[in-house]
1. Sum -39500 (n - 2.57) across every DSSP H segment of at least 4 residues in the chain, then divide by the residue count to get the 222 nm mean residue ellipticity, nearest 500.
2. Residue-wise, which Karplus ³J(HN,Hα) couplings in Hz belong to the stretch 324-341, taking 6.51 cos²θ - 1.76 cosθ + 1.60, θ = phi - 60°, and x for glycine or proline?
3. Can you tell me the relative contact order of the chain? Whole percent, Cα pairs under 8 Å, sequence separation 6 or more.
4. 5 Å is the cut-off here: which amide hydrogens, built 1.01 Å from N in the peptide plane, fall below it relative to Ser49, excluding neighbours closer than 5 in sequence?
5. Please work out how much accessible surface Tyr311 shows to a 1.4 Å probe, ignoring ligands, DNA and RNA, in Å² rounded to 10.
6. Over the chain, average the accessible area per residue using a 1.4 Å probe and give it in Å², no decimals.
7. Structure shown: which of Lys123/Lys368; Lys189/Lys368; Lys80/Lys312; Lys80/Lys124 lie over 30 Å apart, alpha-carbon to alpha-carbon?
8. Accessible area of the chain with a 1.4 Å probe: how many percent of it is carbon plus sulfur?
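The values are calculated or read from the model by the stated rules, or taken from the named source; none is laboratory data. Everything quoted here is computed from the prediction, not taken from an experiment. Surface accessibility is based on the protein's heavy atoms, side chains included, excluding ligands, DNA and RNA. Shrake-Rupley method; radii C 1.70, N 1.55, O 1.52, S 1.80 Å.
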Amino acid sequence: MHKRIQAFLLAALLVLGSIAGCGTKANDAVTTPDEEVAEDGALPSGDVSLRVWGAEEDEELVNNIISSFISKYQGQANFKISFEAHSEANCKDDILGDVLNAPDVFTFADDQLMALVASGVLKKVSNDSEIASRNLGASTDAASINGTLYAYPLTADNGYFLFYNQKYLTEEDVQTMDGLLAAASACGKQVFMEMTSGWYMYSFFGNTDMEIGLNDDGISTYCNWNAKYTNITGVDVAEAMMKIGTNPAFSTTSNDGFVAGAADGTFVAGVSGIWDENGIKEAWGDDYAAVKLPTYTVAGQQLQMSSYAGYKLVGVNSYSPNAAWAAVFADWMTNEENQTLRFTMRGQGPSNTNAASSGDIAESKALKALQQQAEFSSLQRVGGTYWDAASAFGTAMVEGDPSSKSLQALLNEMVTAITGEETTGDPEGAEVTEEADTADADASASN
């Protein structure tokens with residue numbers, strides 16, 4: 001039986017692998033934050049150098065934060081803090097490839113947390129109660145393993161919801177995918193969603209009783225999206241996806257993106273995230289609205305579409321020679337003031353509860369929609385084999401299954417590619433007869 005993430009089961013393996021990759025020896029001494037702080041709790045004085053990794057687009061923002069930090073703590077140490085643009089998506093791999101040359105502080109996506117903790121790069125946050133108290137519970141959960149906080153929540157906006165144009169669509173229209181597509185069709189417009197992306201395709205499976213997640217090794221993925229024995233089966237979902245994907249009022253592609261299609265009048269609704277809010281505001285003006293994802297028809301019922309939710313976190317490298325000051329900087333970088341500044345300069349939604357409930361942030365339609373969708377969201381916890389397999393399946397659904405394979409066969413191929421284990425979608429240990437397989441194929445092909 002598959003189990004949920006158990007981070008510490010692979011800790012020893014990743015520690016050995018990552019340290020070996022750095023060319024260090026097991027008995028090499030490494031300064032930790034606890035060793036660095038004096039017995040009286042005072043932070044070290046003297047020269048303090050910190051390197052900070054962040055997204056290229058964050059350079060101006062982070063340099064402002066660095067300036068305010070140095071001003072706040074001037075006189076306590078001689079600070080030399082530098083920003084280095086670095087891909088957040090590749091953060092984990094690059095750090096684990098060379099831990100001792102990694103930055104002191106870095107931003108990363110929450111799905112990289114487990115490997116960074118298991119490798120020893122991230123240690124327990126010392127002021128965890130304080131950090132947890134000022135941030136949304138879901139963001140601290142994303143920064144924790146087994147209830148222990150290992151990073152500082154930074155944003156709570158990496159999810160998706162529905163943008164729509166009130167000039168063409170009503171609040172009632174956008175409650176269901178059927179109503180949404182019918183209303184768009186009536187005015188000669190389209191609804192946009194990247195069904196060919198595994199990130200968005202999860203929406204159709206995520207709220208069923210089928211499951212996907214990481215195995216105990218933290219690398220491979222378990223998935224039963226081809227199940228025949230669940231209340232809503234894999235074929236049920238595939239049929240629903242194909243019906244939506246082949247609807248003339250539905251579009252999964254756009255030459256210039258969702259915002260451009262919204263601006264030129266092609267799209268009157270679309271599934272996207274807060275990063276498109278400013279562009280949609282400009283395109284639709286006062287007619288711009290946002291709401292949680294709609295329900296969709298599957299197995300004769302309306303099912304709420306799910307979503308992946310993601311969070312940006314700030315990590316402190318426990319191998320840093322200035323780890324104690326790095327922790328203070330990470331705390332400063334993620335406080336209410338600087339998360340508010342991040343929204344102002346970068347449009348990214350805060351995890352800090354005070355920041356999220358005040359000023360322009362509280363008036364953001366996109367953030368309100370994201371909060372509505374949060375109830376139906378899950379953390380993204382899948383291995384690398386998921387993405388291409390899910391994309392190929394989503395593409396087949398949009399194209400109306402040009403291979404003419406049965407839906408069950410397509411589901412089996414996807415799940416086999418994701419899990420690395422050949423599967424037919426039947427319960428474990430169940431015997432499948434040739435006649436039963438043929439009947440399933442014929443039934444799927446006739447839909």
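1. Numbers: 20 runs with 176 residues, N = 447.
Calculated mean residue ellipticity at 222 nm is -11000 deg cm²/dmol.
2. 5, 5, 4, 5, 5, 5, 4, 4, 5, 4, 10, 6, 4, 4, 7, 6, 5, 4
3. Values: 855 pairs, mean separation 103.2, N = 447.
Contact order relative to length: 23 percent.
4. The answer is Lys80.
5. 30
6. On the way: 19910 Å² over 447 residues.
Here the per-residue accessible area is 45 Å².
7. Working: Lys123/Lys368 33 Å; Lys189/Lys368 25 Å; Lys80/Lys312 25 Å; Lys80/Lys124 25 Å.
From Lys123/Lys368; Lys189/Lys368; Lys80/Lys312; Lys80/Lys124, over 30 Å: Lys123/Lys368.
8. Heavy-atom surface of the chain belonging to carbon and sulfur, 1.4 Å probe: 47 percent.
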